[in-house]
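What follows is calculated from the coordinates using simple rules that are stated; it is not laboratory data. Fair warning: this is a prediction, and the values are worked out from it, not measured in the lab. All Cβ positions, even for glycine, are placed from backbone atoms using ideal geometry, and neighbour counts span all protein chains on display.
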Amino acid sequence: MSLAQDLIRNFNELSDDKKKEVIDFVEFLKVRSQKNLEQAMDEIINDNKIALEELSK
């Protein structure tokens with residue numbers, strides 16, 4: 001059984017309130033991942049500000 005199939009099987013066995021908790025947690029993980037990506041991009045920009053300014057000329 002694949003990981004996705006196992007997840008779906010287990011998800012379907014949960015009560016509706018627990019399903020909502022799972023969905024909320026997945027959304028939290030997605031937001032956290034996006035924030036980490038944005039933070040990494042900000043650090044790259046800050047670390048390379050002079051080079052990026054030169055490239056923009």
Problem - Long-range lysine pairs (8 or more apart or interchain), the chain, Cα under 28 Å - result: 8
Handout entry: In the chain, the GluC sites (Glu not before Pro) that fall in loop regions by DSSP, at most 10 other Cβ within 10 Å
Key = GLU13
Problem - Cα-centre dipole for the chain with unit charges at Cβ (Lys and Arg positive, Asp and Glu negative), debye to 20 - result: 140 debye
Fill in the blank from the handout: With the dipole of the chain defined by +1 on each Lys or Arg Cβ and -1 on each Asp or Glu Cβ, the option from MET1, ASN48, ASN36 whose Cα lies farthest towards the positive pole is MET1
